[in-house]
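The values are calculated or read from the model by the stated rules, or taken from the named source; none is laboratory data. As the structure is a prediction and not an experimental result, all values here were calculated from the model. Glycine also receives a Cβ, built like all others from the backbone with ideal geometry; neighbour counts cover every protein chain displayed. Areas reflect the complete protein model, heavy atoms only, side chains present, ligands, DNA and RNA absent. Shrake-Rupley method; radii C 1.70, N 1.55, O 1.52, S 1.80 Å.
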Amino acid sequence: MLSFEQAIKKLEDASDKLRSGDLSLEESVKLYEKCVEYYKTCNTILEESKQKIEIFNPDTNKLEKFEESC
């Protein structure tokens, strides 16, 4: 499995190629599919990382699970 940094780099490179307009439709579709895979890899790594993060709550003097405020 790719690291987060590797997947982000591949996603950025593929995105640049797609934006260039130099690819055929077939090449663009294949590259887009790879982009989706890289995105999923990044998202999985981020979700797994969130599950490991604990934040110190000064009100309770305890570590608590990270929860998004949105």
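Within segment 32-70, the set of residues being free of Cβ contacts under 8 Å to residues at least 12 places away in the same chain and in a strand (DSSP E or B) comprises Ile55, Phe56, Asn57, Lys62, Leu63, Glu64.
Checking Leu63, Leu18 one by one, the residue that is out of contact with any Leu (no Cβ under 7 Å at 6 or more places or on another chain) and of a type outside the set (Asp, Glu) is Leu63 and no other. In segment 31-70, which residues are closer than 22 Å to Ser3 by Cα and among the hydroxyl-bearing types (Ser, Thr, Tyr)? Tyr32, Tyr38, Tyr39, Thr41, Thr44, Ser49, listed by residue number.
One residue alone among Ala14, Ala7 is touching a Ser or Thr at 6+ places or on another chain (Cβ under 9 Å) and among the small types (Gly, Ala, Ser), and that residue is Ala7.
Against the conditions (1) over 12 Å from the mean Cα position of the chain (by Cα); (2) open to solvent by less than 60 Å² (accessible area, probe 1.4 Å); (3) under 22 Å from Phe66 (Cβ atoms), where does Ala14 fall short? Just the number, please. Unmet for Ala14, out of (1) over 12 Å from the mean Cα position of the chain (by Cα); (2) open to solvent by less than 60 Å² (accessible area, probe 1.4 Å); (3) under 22 Å from Phe66 (Cβ atoms): (3). Within segment 30-65, restricting attention to residues that are more than 19 Å from Ile8 (Cα to Cα) and either open to solvent by less than 70 Å² (accessible area, probe 1.4 Å) or basic (Lys, Arg) (or both), the residue that is modelled with the highest pLDDT is Thr60. Scanning segment 17-49 for residues that are closer than 27 Å to Phe66 by Cα and not aromatic (Phe, Trp, Tyr) turns up Val36, Glu37, Lys40, Thr41, Cys42, Asn43, Thr44, Ile45, Leu46, Glu47, Glu48, Ser49.
Among the numbered conditions (1) surrounded by 10 or more Cβ atoms within 10 Å (Cβ to Cβ); (2) not in a strand (DSSP E or B), the only one that Met1 does not meet is (1).
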